[in-house]
Every structure is written in structure tokens, then in C-alpha cells.
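For reference, the structure is listed below as C-alpha cells.
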Ligand code: ACM
């Protein structure tokens with residue numbers, strides 16, 4: 001299975017421009033699964049929640065960004081996963097959608113909001129759904145979820161073989177922490193971070209790049225630079241993530257002691 005990420009600097013407030021950028025970058029490229037950054041349709045910081053509201057769209061694929069991604073997924077015969085701002089009747093969610101040619105396969109609403117996101121988004125209530133694409137079980141995390149090991153563990157216990165992780169990282173620790181998330185759950189992970197800088201909500205943020213793809217042993221199969229636009233695709237055997245043995249005498253699942261946790 002060919003899996004990858006596209007790391008770029010989303011154009012603030014312009015979903016169509018971001019779609020064009022993504023579409024141009026993926027042109028002529030073959031992959032089965034590709035992950036894009038958190039809020040790849042809108043950008044990250046918004047002083048005016050109404051501005052973000054105007055850029056939000058429903059999770060059913062009827063909006064500009066997810067609709068465009070479905071078309072793109074059909075063209076590439078692939079699954080695309082991207083962060084977007086979800087418009088729900090009760091408010092906005094910082095969400096990620098997985099789409100293929102048939103439409104939206106799964107939506108995840110960010111559970112652990114980071115810092116000033118709390119002023120813009122409702123805390124996610126989707127739980128950690130796992131879905132199947134081409135007989136491979138996939139799950140999604142969004143950015144700051146990395147610091148809560150329960151999130152990755154919940155997906156892995158439900159059978160996720162690949163953790164798909166759209167991100168807008170600003171702290172320096174996630175890329176190394178995800179090595180442990182992959183290793184302790186014996187799963188592949190794809191962290192698709194963004195690059196660039198944004199100012200708003202009383203702060204100026206520099207996004208840290210270094211998107212990466214990790215094996216179930218935590219080995220790095222691909223990693224982008226700190227500030228480069230980068231598309232990386234690698235070929236993996238997702239079945240490796242079904243093997244939870246850990247060295248000669250242990251098994252990560254059989255040796256858990258949940259009665260003590
Ligand atoms: C983050 O969760 N965007 C840092």
C-alpha cells in the first residue's frame with residue numbers, strides 16, 4: 001500500500017486556493033492513502049470566529065473543500081484525509097475527514113483542543129472511530145491528540161493499523177513522541193504537519209514541519225524538512241501492524257493488565 005503526506009502552508013481563508021495547491025502537488029502521483037494537515041482548508045488562527053464560520057462546511061462532503069477532495073480522491077483512486085473546519089448545527093468542530101470516490105468515509109472531531117482553539121471550536125464528541133479502506137483499518141488523530149496516549153491506544157485497540165494524524169504543530173516534541181505512539185501500539189503513523197507562519201488571536205505562530213511516516217517499530221520511513229513544501233509517498237505492508245509481538249517473550253496486547261490501570 002502506498003501511503004504518504006503532503007506538507008504545505010495553507011492559504012489563509014481560501015479553501016479553493018488550497019484545493020488547487022493540493023491538486024497541483026498530487027498531479028501524476030500514485031498513492032493509496034494520503035494525509036493532509038489539520039485545517040488544511042482554512043488556515044489556523046482567526047481573530048473573528050464569524051470569519052471561520054463562513055469558511056466552515058458540513059461533514060457530508062457537500063461543501064467546497066471536502067467536495068473537491070472527493071473529486072481528487074476519485075481521480076487518484078485513493079483515500080484522502082484532511083483537516084477542515086466542520087459546520088455542525090451546534091457550532092464548529094476542528095475535524096478531519098477521510099474521503100474516497102464514494103464520498104466521506106469517516107469524520108473525526110478533535111478531542112483535545114490546543115490553547116486558543118478553545119475560543120473557536122467545540123471539543124470533539126466523535127470518539128475515536130476506526131474505518132476500513134481496501135481491507136486496512138485506519139484511524140485519525142488531530143495534532144495535540146498526540147500528547148494523550150489514550151487517543152492512539154484507543155484507535156489501536158479498535159484495530160487501527162495506520163494512525164492518520166493531520167497536524168498544525170507549534171511545539172517541538174510531537175515528532176519524537178509519535179515514535180513512542182507507533183512503537184507502543186505497533187502501528188504505522190502518518191503525521192502530516194504544515195509549514196509557514198500565522199498571526200492572530202494575540203500570537204504569532206511558526207509551524208514546525210517535519211511531517212513523518214513511522215513503522216510499527218517507530219522507525220522513520222520518511223520525514224520532511226522544517227520549512228519545505230513536501231510530498232512523500234512510501235510503500236508499506238499494513239499487515240505488519242497486526243503483529244503485536246514485542247521481542248521474544250512479549251505481546252503488547254496479551255501482556256496488558258487493564259485490571260490494574
Ligand atoms: C495543535 O493542536 N494544533 C497544536
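Rule-based calculations on the coordinates, nothing more; no lab input. All values reported here derive from a predicted model rather than from experimental measurement. Cβ: placed from backbone, ideal geometry, glycine included. Neighbour counts: every protein chain shown.
The table below lists the values:
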{"item": "Histogram of C-alpha separations across region 150-213, 5 Å bin width, %", "result": "4, 18, 25, 20, 14, 10, 7, 3, 0"}
{"item": "Spin-label pair residue 199/residue 101, simplified geometry with 7 Å Cα→Cβ offset, distance in nm", "result": "4.7"}
{"item": "Against the rule of thumb 2.2 N^0.38 Å, how large the Cα Rg of region 1-60 comes out", "result": "1.26"}
{"item": "Hull shadow area, averaged, region 110-191 [alpha-carbon convex hull, nm²]", "result": "5.2"}
{"item": "Region 197-261: relative contact order as a whole-number percent, Cα under 8 Å and 6+ apart", "result": "17"}
{"item": "Rg/Rh for region 33-169, where both radii come from Cα atoms and Rh is the Kirkwood radius", "result": "0.94"}
{"item": "Cα centroid separation, region 219-261 to region 70-119 (Å)", "result": "23"}
{"item": "Contour excess over end-to-end distance, with Cα ends at residue 90 and residue 125 and 0.36 nm allotted per residue", "result": "11.4 nm"}
{"item": "Cubic angstrom per residue, convex hull over Cα atoms of the chain", "result": "118"}
{"item": "Length gained when the stretch residue 234-residue 30 is fully extended (0.36 nm per residue, less Cα-Cα span)", "result": "72.4 nm"}
{"item": "Most mobile listed residue (72, 122, 171) in the chain, GNM with C-alpha springs under 10 Å", "result": "171"}
{"item": "Förster radius 25 Å - calculated FRET efficiency between residue 74 and residue 221 (Cβ-Cβ, nearest 0.05)", "result": "0.40"}
{"item": "Rg over Rh, two decimals, region 137-261 (C-alpha only, Kirkwood Rh)", "result": "1.02"}
